[in-house]
Amino acid sequence: MKLLIFIILSMTLAPLSVAAEQHPIEIHDQLVPQSESSNRIALTLDACSGKYDEDLIEFLIRNQIPATIFATKKWLDKNPFGLSVIKAHLDLFDVEDHGEKHIPAVIGRGMKVYGIPGEQDIIHLRREVLEGARAVEEATGVAPHWYRDATAEYDTQSIEEIGKLGYKIAGFSVNADSGATSKKITIEKRLAHIKAGDVIIAHMNKPSSDSAEGLAVGLTCLLKAGFVFVRLDQVDLREVPEKNDKKSKLRDGR
C-alpha cells in the first residue's frame, strides 16, 4: 500500500518538478554576415498590447528606417489607426508574429517569466503561435515567418514546437529600452555601442515612455555613422552565445 501511494505521488509531482528545473532561455541573435565590410543592422519593435507610439513610427517613416514589428493579436485589435499607418508603409515595415495573447513560451503549471504566467500545455502554445500568425496575415495580407514570444524567453520544448510549426524564432543582441522602461539617456548609450550585425529590440506600444525620443536620437546617430537598416524578412539570423552568462533584462513590454 505504501509503495502504491509513493508511485502515485511521484507521478503527480513529476510534471511540477520538471517545470521547476527548466530555465527559460533568452535567445541572442545577430545577422548572418554577407561580407566582412557589411554594416547592416536590424531594428525590431515589439507591439505587445497597449497603445500605438505614433511619434516613433512617424520618425521611422520620415527617415526611411526599415523595421520589423512583432505584433500581438491584442495590439492589432486595439490599434486600428496604428495598423493603418503600418499597412500604408509595408515597404518599410515587416509585421511578424508576437502571439495571440502575449504569453511566454514556457510550458507547465507555475511557470512564469518576469511574473507573467506561461502556457498550460503544448496545445495552448500552438494556439498562441498560430492565432497570432493568423491575426497578422488577416491584418496585413502577408503571412509571417518569424516568431517572438512575450519576454523573448523560451523553454526547450517550446523552441522545438515553434520550429515544427514552421516559424523561426527572432532573438536579438541589443536591448534598447528594457520593455519601454528605460530612460532616454540609457537608450542613447546602448545604441551608441551598436556594431555591424546587431539586432536591436525595442518597443512601440508605450507612447508615454522615453522609447521614441531615445530611439530617435540613437538611430539618427547610427544613420550618420553609415549603418544600413534591414528587415528580418530580408535576412537570416545566427545565434550567438550569451556574454558573461548575464541576461539582458527585457522585462514585460505590455
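Structure notes:
- Spacing of the two label points (7 Å from each Cα toward its C-beta) at residue 120 and residue 138, in nm: 2.1 nm
- Interchain or long-range residues, amide H under 5 Å from residue 96's placed H: 69, 70, 71
- For residue 43, the amide hydrogen comes within under 5 Å of the amide hydrogens of 68, 200, 230, counting only partners 5 or more places away or on other chains and with H modelled in the peptide plane.
- The phi-based Karplus calculation (6.51 cos²θ - 1.76 cosθ + 1.60; θ = phi - 60°) puts the 3J(HN,Hα) values of the range 147-158 at 10, 9, 7, 5, 6, 6, 10, 9, 9, 5, 5, 5 Hz, whole numbers, x for Gly and Pro.
- The string of couplings for the range 44-52 from the Karplus curve (6.51, -1.76, 1.60, θ = phi - 60°) is 10, 10, 8, 10, 6, 8, x, 10, 9 Hz, one whole number per residue in order, with x for Gly and Pro.
- GNM flexibility winner over the chain from 38, 182, 158 (Cα, springs under 10 Å): 38
- HN-Hα J in Hz across the range 173-189 - Karplus 6.51, -1.76, 1.60, θ = phi - 60°, x for Gly and Pro: 10, 10, 9, 6, 10, 6, x, 6, 10, 7, 7, 3, 5, 5, 4, 4, 5
- Anisotropy class of the chain from Cα gyration tensor, a/c 1.5 cut: prolate
- Cα-Cα over 20 Å, subset of 51/164; 184/206; 78/206; 101/206: 51/164
Every read-out reported here was derived from the displayed coordinates using simple, explicitly stated rules and does not represent laboratory data. All of these numbers come straight from a predicted model, not from anything done at the bench. Note: ideal-geometry Cβ built from the backbone for every residue, glycine included; neighbour counts use all protein chains shown.
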